[in-house]
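Engineer: Take a look at this one; I'll ask things after.
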Amino acid sequence: MFFGTTLIACFWVAALLAAFVGWGRLINGVIYTEQEFSWGELAAWGVAFSTVIGGVLNLSQAISRQTAIMFVILGFVYFCMYFWRRVADVLINFPRKVFLLWRGVFILLFGLCSVGGLLIFQLALSIAGIRPNIYDDYQAYFVFPQKMLLQGCLGNDPFCDRRFGFLGGGAFLQVLLLSVLPIKNIFVMDYGLGCVIAIGLLFRLGHKMTGNRRMCILLAILFLLLPMPVLNISSAIMGLAIILSIYSFVVDDRKVGFSASVRRAIVIALLVAGVATLKSNLIVFITIFYLAMYAFKIFYSSDKLYLGLEFLMSFFLIILFLLPWMLASYHSTGTMLYPLLGRGFHSSAYGFFEFPPIRINDFFDVFSWKMASWPDLALMALLSCAAYQQAGIRKAFCGAAGLSTFAGIIAIIVLTHTPRYYAFVFYAGVLVMYCLVFSSFISLSGASFTKKVLYALICCFTLFIFRGFADQPPGSFLLYPHRVSENFGLEIDNNIEREIYFHAQAAVPPAETILAQTKMPFLFDFKRNNIYIVDWIGFGPKPGMPILKGSEAISDYLLSQGIKYVIFSDNMSFKFNPPVFPNNTWTYQQVNLTDIFYRSIYELSKKRRVISIYGNLVVLDLSARL
């Protein structure tokens with residue numbers, strides 16, 4: 001049984017990768033008829049295109065298991081139609097290239113085999129099933145793709161704090177995976193396929209910038225050796241892959257003219273929109289990079305008119321690509337884009353959780369990750385100086401990447417309580433790019449002793465920084481072999497839990513609206529009822545839930561919002577001992593307020609009619625007083 005499900009998972013993951021490449025190749029054929037791009041670039045284009053299409057399907061409530069499978073099949077068919085004529089060439093030339101590497105540069109063959117082995121190991125870990133985050137994933141992030149599959153769209157979740165954290169593109173990518181595979185394989189999309197695409201783009205970017213295959217292989221091995229920072233199932237590595245594809249696309253594109261500007265604007269807009277839909281924490285970074293890139297390009301270029309026109313076209317297209325997701329976000333959270341376009345129903349709009357002041361130690365901590373800050377900052381300064389020596393468009397590109405990384409880290413420190421995890425995406429991306437820029441100055445063949453020493457130093461510093469990202473407090477990140485083995489064979493949605501949730505929901509009439517605060521809300525049937533999820537408590541539509549005014553005020557507010565039924569777990573507690581993040585004001589307040597809400601609901605269970613108790617789930621009818 002296990003072998004059969006694993007085989008199906010491997011086939012579907014391969015089909016997804018081929019489908020992404022196929023959709024990317026379709027875009028390539030439509031926009032750049034005379035130029036071909038690498039498979040890594042095409043895959044990233046296909047991922048970004050999928051997030052944009054997902055927004056349209058979500059707004060039209062047309063997402064379903066059948067729609068997702070058909071979307072993958074169409075991309076896979078186009079992949080086969082275009083690449084079938086290259087199969088013979090691959091079968092003939094690949095063994096010959098391996099033989100030449102074996103006879104000539106054995107170290108390259110060994111390095112490539114190491115990269116391949118590490119990629120397979122990474123894929124195997126994600127397919128085997130990684131232990132989820134019982135707070136972020138169970139109570140929120142598992143819910144979003146399940147809602148898409150069952151009710152055709154993300155729907156509204158005004159009381160779900162984590163709904164503010166993304167537009168929805170990442171959830172649609174997970175829908176493509178879950179249309180065939182069980183939920184325990186959900187990490188494959190980001191930490192399996194995301195890594196494969198990122199490695200393909202790393203090699204492509206390295207080929208464009210240096211042509212130094214040794215440096216590319218070294219960076220790929222270092223990238224794959226560190227345990228990826230898995231805090232939850234929200235998109236991280238896939239975001240890094242699309243960021244690397246933007247770097248690869250713009251680094252050497254010097255074509256001028258109206259036609260070239262139009263084509264470049266379409267691709268850049270697609271990729272920038274793709275990153276923005278995955279995770280809100282990436283929006284500040286990608287916005288600064290986009291604006292800085294065009295500012296630097298216009299400053300250094302003599303073709304300012306066409307570049308200005310290209311910027312305006314790409315800006316309009318980005319808004320167009322994001323608009324379906326933004327409209328859905330407005331209906332659910334009260335803001336099109338949190339926090340840039342307003343706070344909507346977020347608790348900060350009601351006077352809670354104001355942004356904390358920036359602490360200098362946090363900024364250094366992101367760079368150092370429990371290491372000495374000065375060596376890391378010295379490396380960044382060294383790489384920045386090397387990048388500044390580039391000419392023309394490369395100087396503009398490197399300047400935009402460095403500036404956006406700095407701004408992105410500041411935004412992460414301000415907006416989140418886990419800056420190290422979220423900063424990894426763009427910090428790792430710009431570090432890889434800077435290392436490639438620096439290595440372009442050094443050719444190992446005929447290089448002086450000093451340059452070889454510098455080359456060795458850059459590799460050592462890179463190793464220290466990458467390993468620094470892996471130096472996490474126990475339990476913070478979950479992608480380790482022993483953590484996978486702990487979860488091996490574990491069914492997240494086991495039959496006992498599923499039966500409990502089925503019977504609890506069956507006590508509520510169909511089509512009625514439910515507010516649910518449970519441990520595993522993704523097990524509900526979202527097609528039968530409109531279910532609002534509570535993770536960290538959200539305050540909801542105006543005038544906002546009166547959490548501090550007692551249980552009766554909460555009951556009156558919920559009834560005024562058309563919510564008669566509440567399902568909650570009778571053994572939940574949000575008072576952690578010892579408290580989680582004791583030094584973090586945001587988390588401490590959030591835990592306290594969520595616990596107050598839970599205790600108020602528990603108090604209401606003594607004053608309202610309990611229509612069902614099954615397992616650990618209690619169903620209340622708020623309209624029926626005792």
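Bear in mind these aren't lab numbers, they're just calculated from the coordinates by the rules spelled out. Bear in mind the structure is a predicted one, so any value in this text is a computation, not a measurement. Glycine also receives a Cβ, built like all others from the backbone with ideal geometry; neighbour counts cover every protein chain displayed.
Engineer: If I take R0 = 56 Å and measure r between the Cβ atoms of M81 and D556 in this structure, what FRET efficiency does the formula 1/(1 + (r/R0)^6) give, to the nearest 0.05?
Structural biologist: 0.40
Engineer: Another one. Label C10 and L320 with points 7 Å out from Cα along Cα→Cβ: what is the distance between them in nm?
Structural biologist: Distance between the two pseudo-spin positions: 4.3 nm.
Engineer: What is the mean projected area of the alpha carbon convex hull for region 160-220, to one decimal in square nanometres? It would help to have the intermediate numbers written out before the result.
Structural biologist: Working: hull surface 24.2 nm².
Projected area, direction-averaged: 6.1 nm².
Engineer: At 0.36 nm per residue, minus the direct Cα-Cα distance, what do M70 and N571 gain on full extension? Give it in nm, one decimal, please.
Structural biologist: Working: separation 501, 0.36 × 501 = 180.36 nm, distance 4.19 nm.
That works out to 176.2 nm of additional length.
Engineer: Next question, about the same structure. What is the distance, in nm, between label points placed 7 Å from the Cα along the Cα-to-Cβ direction at R498 and at N530?
Structural biologist: It is 2.8 nm.
Engineer: Still on this model: Test of understanding: what is the full-extension gain from V56 to L309, defined as 0.36 nm times their sequence separation minus their Cα-Cα distance? Walk me through the numbers on the way to the answer.
Structural biologist: Numbers: separation 253, 0.36 × 253 = 91.08 nm, distance 2.66 nm.
Result: 88.4 nm gained on full extension.
Engineer: What's the local net charge at G538, with K and R +1, D and E -1, over the other residues with C-beta under 10 Å away? Walk me through the numbers before you get to the answer.
Structural biologist: Details: positive: R162, R163; negative: D157, D161, D535.
So the environment of G538 carries a net charge of -1.
Engineer: To continue, here is another question. Shape of region 202-313 from its Cα gyration tensor (a ≥ b ≥ c, root eigenvalues): rounded if a/c is under 1.5, otherwise prolate when a/b > b/c, or oblate?
Structural biologist: Numbers: a/c = 2.70, a/b = 1.43, b/c = 1.88.
Note, shape of region 202-313 comes out oblate.
Engineer: In whole Å, what is the distance between the alpha-carbon centres of region 168-209 and region 311-353?
Structural biologist: Result: 25 Å between the Cα centres.
Engineer: Would you work out the Kirkwood radius for region 508-578? I mean one over the mean of 1/r across all pairs of different Cα atoms, in Å. Walk me through the intermediate numbers first.
Structural biologist: Numbers: mean 1/r = 0.0749 Å⁻¹.
By the Kirkwood definition, the hydrodynamic radius is 13.4 Å.
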